[in-house]
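What follows is one structure encoded as structure tokens, with my remarks underneath.
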Amino acid sequence: MVQYLIRLDDLCPTNNLKKWERFFHLFDLYDIKPIIAVIPDNQDPKLNACGDFNPYYWPMVRHLQKKGYVIGMHGFEHRYQIRNSGLFKINNRSEFAGLPLYVQEQKVKAAVAIFKREGIQTPLFIAPAHTFDRNTIKALDKHSDVLIISDGLLHSPYIRFGFGWVPVQLSEAVSKTKDTWTFNYHPETCTDEVFERLEKFIAENHQHFVSLSQLTFKDYTLTDFAREYYRIYLRLLKTVVKDLLSRFGVYKLAR
Ligand SMILES: [Zn+2]
């Protein structure tokens, strides 16, 4: 049996809401409960430039929560402070990975305090740029109610370091026959073409979409460890080869 989850990243008070509302309408039409990566205190200049300031930001987040959408704590400020690729080595920039534990604890505490002030309950952590490390996990364990981390490269949810992990493997919907897949969209940069493909996919596959509460988690085994690290380093190797080829002017061949 196949299960799909969908995650939208980078909700903040300066979104271009038109780009988000089309997703919300689509989900509501098919009764899909997505994961929304909500930034507690956005300081990312790129995201600050997306739209006008929304004075009803937190009431909107509470409304989404009430509808059954799963709100995830998307870091603290979404500000990359350090060049570090963390556990998954997907991007070499981070708000958390590589910083001392006490700094990460302060960030987690500040993010939790904002959510608490605004009446947002979340069991879920979503690291900006997929970058975090063991200290982030320790900080979450000590200072938050987070139980689940939305990240990873396996094909089904698992338990590791005392947390549930829901892997996030795809940036766009792809038809699969088994396992659990998270499609990770960024509404601010999503093109009409990509959105139309998602509309079609959901019309045909909406019955396979599940919410976080419907998942089952299995223990993380040595085989899982080997699989995950193989995927991490294969991905890295591909990036290095592409980079080398592009330096020698054969980028098209590398794609
Ligand atoms: Zn983000």
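What follows is calculated from the coordinates using simple rules that are stated; it is not laboratory data. Quantities reported herein were computed from a predicted structural model and do not represent experimental measurements. Please note: Cβ atoms are built from the backbone with ideal geometry, for glycine as well, and neighbour counts cover all protein chains shown.
Residues that are surrounded by fewer than 23 Cβ atoms within 10 Å (Cβ to Cβ), part of a helix (DSSP H, G or I) and within 15 Å of the chain's Cα centre (by Cα) within the range 113-137 comprise Ala129, His130, listed in sequence order.
Selection of the range 166-191 for residues being assigned to a strand (DSSP E or B), in contact with a strand residue (DSSP E or B) (Cβ under 6 Å, 6 or more places away or on another chain), in contact (Cβ under 8 Å) with a residue 40 or more places away in the chain and not β-branched (Val, Ile, Thr) yields Trp181, Phe183, Asn184, Tyr185. Checking each residue in the range 102-128 for being among the β-branched types (Val, Ile, Thr) and under 10 Å from Leu140 (Cα atoms) picks out Val108, Val112. For the range 209-252, give me each residue that is under 24 Å from Asn184 (Cβ atoms) and assigned to a loop (DSSP other than H, G, I, E, B). Within the range 209-252, Val210, Ser211, Leu215, Thr216, Phe217, Tyr220 qualify.
Checking the stated criteria, Asp44 turns out not to satisfy the condition of being of a type outside the set (Phe, Trp, Tyr) and away from the ligand (no atom under 16 Å from the Cβ). Those helices (runs of 4 or more DSSP H) of the range 1-112 in which at least 1 residues are closer than 17 Å to Thr189 by Cα, of a type outside the set (Phe, Trp, Tyr) and out of contact with any helix residue (DSSP H, G or I) (no Cβ under 8 Å at 6 or more places or on another chain), considering only elements entirely within it, cover 17-29, 45-48. Residue-level check: of (1) more than 16 Å from the ligand (Cβ to nearest atom); (2) small (Gly, Ala, Ser); (3) farther than 30 Å from Ser213 by Cβ, Ala49 misses just (1). Here the range 17-27 is the region considered, the condition is being away from the ligand (no atom under 15 Å from the Cβ) and surrounded by 13 or more Cβ atoms within 10 Å (Cβ to Cβ), and the residue that is nearest to Leu212 (Cα to Cα) is Phe27.
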